[in-house]
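K.L.:
One structure is given below, represented as structure tokens, and several questions about it will come after.
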Amino acid sequence: MNKPRQIKTRLRFDPVKLPPEYPLLVSKPFSQADQPIEYLHTHDCLELGFCFQGSGIFAIGSKVLPFRAGQAIFISPDEPHLAQSSPGTTSLWRWVWLHPDRLLDRQEPMTWTDLGVLSGPDFLNVQTGHSAESVRRIVEENDSRKSGWRDLVRAQLWSLLIELRRLRPPQVLPHKPGGDFARLAPALQVMTKDHSDELRMGDLARLCSLSEAQFRRIFRSTFGRSPLAYLTELRLRMAATLLTQTGRSVLEVSEKTGFPTLTSFNRAWRRTHKETPRDWRRRMLSVITS
């Protein structure tokens with residue numbers, strides 16, 4: 001059994017320096033291999049991403065979300081996150097960092113530029129369809145530098161924010177990440193990076209300088225589920241990307257994602273999806289190719 005290595009970096013704050021006259025930056029093409037981002041981190045601005053190639057998982061706050069090519073991701077300020085591509089693959093991204101309120105020059109205290117509702121356990125950060133297409137268009141217009149490109153970017157952003165806001169019921173209060181994310185960051189990084197290994201709760205607790213009982217209690221209060229349930233969900237999400245994005249057998253997928261036996265994988269999968277991995281794969285592939 002591989003013991004988790006000591007993690008020195010906890011929750012890292014990565015401020016983004018945006019131009020004051022036009023507070024938006026677009027990254028160059030970024031390749032993310034199957035090694036995860038090495039630290040759980042936050043930014044001081046809205047982060048948008050469009051996946052041009054590949055698949056994998058994002059851990060955002062208390063959520064574990066799969067992604068694939070053609071999808072976009074939305075990460076609000078102060079929301080802890082990290083990512084990993086599917087084993088043996090590389091994903092290709094373009095990233096956009098911006099301050100919507102300054103870019104759109106909106107000063108009202110409650111407007112469509114308010115980002116508080118675009119975070120927390122009830123918000124689906126990974127989007128397809130029109131929302132994803134809007135992010136891709138923002139990247140393309142920024143690259144083009146054609147006449148009126150800044151106005152087109154603002155128009156795409158305005159439409160996008162309204163559409164995202166509609167996804168969140170107005171009665172749901174914004175979620176603010178708790179301080180315990182920082183305390184649990186070393187364990188979360190190892191769980192994401194080494195989810196295919198046998199991980200012991202006592203080892204993960206020691207990485208956070210906590211007793212195992214403290215670790216389990218703080219983890220449940222922060223994420224709403226036990227560390228083992230979170231790890232199982234992470235493994236199942238990665239398994240889902242492998243089932244739909246690769247030709248690996250169900251046995252290979254179960255081994256690659258950390259399940260000790262095929263039986264334990266099938267049991268966990270049926271408990272979550274109410275069908276076998278083979279049936280789920282067949283159904284999902286028929287939807288994707290139709």
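K.L.:
Specify which residue in the list THR257, TYR22, THR90 is farthest towards the positive end of the charge dipole of the chain, using unit charges on the beta carbon of Lys, Arg (+1) and Asp, Glu (-1), about the Cα centre.
P.N.:
THR257
K.L.:
What is the distance, in nm, between label points placed 7 Å from the Cα along the Cα-to-Cβ direction at ASP78 and at ASP14?
P.N.:
Computed distance between label sites ASP78 and ASP14 equals 2.0 nm.
K.L.:
Please list 65-73, 50-58 highest first by mean number of surrounding beta-carbon atoms within 10 Å per residue. List each step's numbers first, then the result.
P.N.:
Numbers: 65-73: 19.7, 50-58: 21.7.
Going by the mean number of other Cβ atoms within 10 Å, highest first, we get 50-58, 65-73.
K.L.:
At 222 nm, what value in deg cm²/dmol follows for the chain if DSSP H runs of at least 4 each add -39500 (n - 2.57) and the sum is divided by all its residues, to the nearest 500?
P.N.:
Roughly -13500 deg cm²/dmol at 222 nm, from the helical runs in the chain.
K.L.:
Calculate the spin-label point distance for ASP194 paired with LEU285, positioning each point 7 Å from the Cα along the beta-carbon direction, and give it in nanometres.
P.N.:
According to this spin-label approximation, the distance is 3.4 nm.
K.L.:
Please find the FRET efficiency linking LEU262 to SER144, where r is the Cβ-Cβ separation and R0 is fixed at 41 Å, and quote it to the nearest 0.05. Intermediate results must be reported in sequence, preceding the final value.
P.N.:
On the way: r = 50 Å, r/R0 = 1.22.
Computed FRET efficiency for LEU262 and SER144: 0.25.
K.L.:
A follow-up question, please. Does the range 208-290 come out rounded, prolate or oblate, given a ≥ b ≥ c as the square roots of the eigenvalues of its C-alpha gyration tensor, rounded meaning a/c under 1.5 and, failing that, prolate meaning a/b above b/c? The partial results should precede the final answer.
P.N.:
Working: a/c = 2.68, a/b = 2.24, b/c = 1.20.
Prolate, because a/c is 1.5 or more and a/b exceeds b/c.
K.L.:
Another question, then. Tell me, in nm to one decimal, what length is gained between SER211 and PHE52 on full extension, where the rule is 0.36 nm per residue of separation less the Cα-Cα distance? Write down the numbers at each step before the final one.
P.N.:
Numbers: separation 159, 0.36 × 159 = 57.24 nm, distance 4.23 nm.
So the chain would gain 53.0 nm between SER211 and PHE52.
K.L.:
Per 0.36 nm of contour for each residue apart, how much would the distance between SER226 and ARG270 grow if the chain were fully extended, relative to their Cα-Cα spacing?
P.N.:
Values: separation 44, 0.36 × 44 = 15.84 nm, distance 1.93 nm.
13.9 nm is the gain from fully extending SER226 to ARG270.
Only the coordinates and a few stated rules stand behind these numbers; no lab work does. Since we're looking at a predicted model, the values are computed, not measured. No Cβ is skipped: glycine too gets one built from the backbone with ideal geometry, and neighbour counts run over all protein chains shown.
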